1. Return a whole-number percent for the relative contact order of the range 89-163, with Cα pairs under 8 Å and 6 or more residues apart as the contact set.
2. Compare the peptides 10-20, 92-102, 123-133, 142-152 by average per-residue count of other Cβ atoms within 10 angstrom and give them in order, highest first.
3. Which FRET efficiency value, to the nearest 0.05, is calculated for residue 96 and residue 10 with the Förster distance at 30 angstrom and r the Cβ-Cβ distance?
4. For a quick protection proxy, order the peptides 25-34, 109-118 by their average other-Cβ count within 10 Å, most packed first.
5. Taking each pair of different alpha-carbon atoms in the range 96-163 once, compute 1/r for the pair, average those values, and report the inverse of that mean as the Kirkwood hydrodynamic radius in Å to one decimal.
6. Relative to the present Cα-Cα distance, how much length would full extension add between residue 110 and residue 19 at 0.36 nm per residue of separation?
7. So how far, in whole Å, is the C-alpha centre of the range 5-24 from the one of the range 69-148?
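Computed from the coordinates by the stated procedures, all read-outs in this text should not be read as laboratory data. Quantities reported herein were computed from a predicted structural model and do not represent experimental measurements. For neighbour counting, all protein chains shown are included, and Cβ atoms are generated from backbone atoms with ideal geometry for every residue, glycine included.
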C-alpha cells in the first residue's frame, strides 16, 4: 500500500522547490505549518543546505551557463566542482579529525596490511581510484564524480605543489 503525501506536505515541498535554502522557520511561516512539521519534512531531503547555497552562488556569479558540461541528469562540471569544494573546504575535523592526520592514519593502516609503505597522497590517489571504479558501474551517480574531485583536491593539498 502506498501512502499519498498530504496537501500540507505538498505545500511545503512546493515552497522548498523554489526556496531551497529556506530555514524550517521560514518554511513554516510561508506555508502555515508548524516549525516541527517543516523541520521533520526537511530532514527527509538529504542534501546539505551548503550544497544548495554553493549552487546558488555559482549561478549568480557565472558569466555564462556551462551548457556544454551538462549531462543527462542535469549536473554541470561547475556544479560537480562547486559541490566537491563545499565538501572539502568546510571544517570536518570535529567529525573526522584533520585531513592530514586522517589520510596519514589511513596510510599507516594500509601500510601494515599491505606490508609496504603508503603515503597520505597515496591514500588520496587510491580513494580517487575507488571512485573511478564506482563510476565504471554507475557513471550517472554524481557522488562518484564529486567525491573523486574532492579526493584529488585533498591529494593536491597534501602534495604541497605550487599551483
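1. 27
2. Peptide ranking by packing, descending: 142-152, 123-133, 10-20, 92-102.
3. 0.20
4. Ranking, from highest mean packing down: 25-34, 109-118.
5. Its Kirkwood hydrodynamic radius stands at 12.6 Å.
6. Roughly 28.3 nm would be gained on extension.
7. Cα centroid to Cα centroid, the span is 32 Å.
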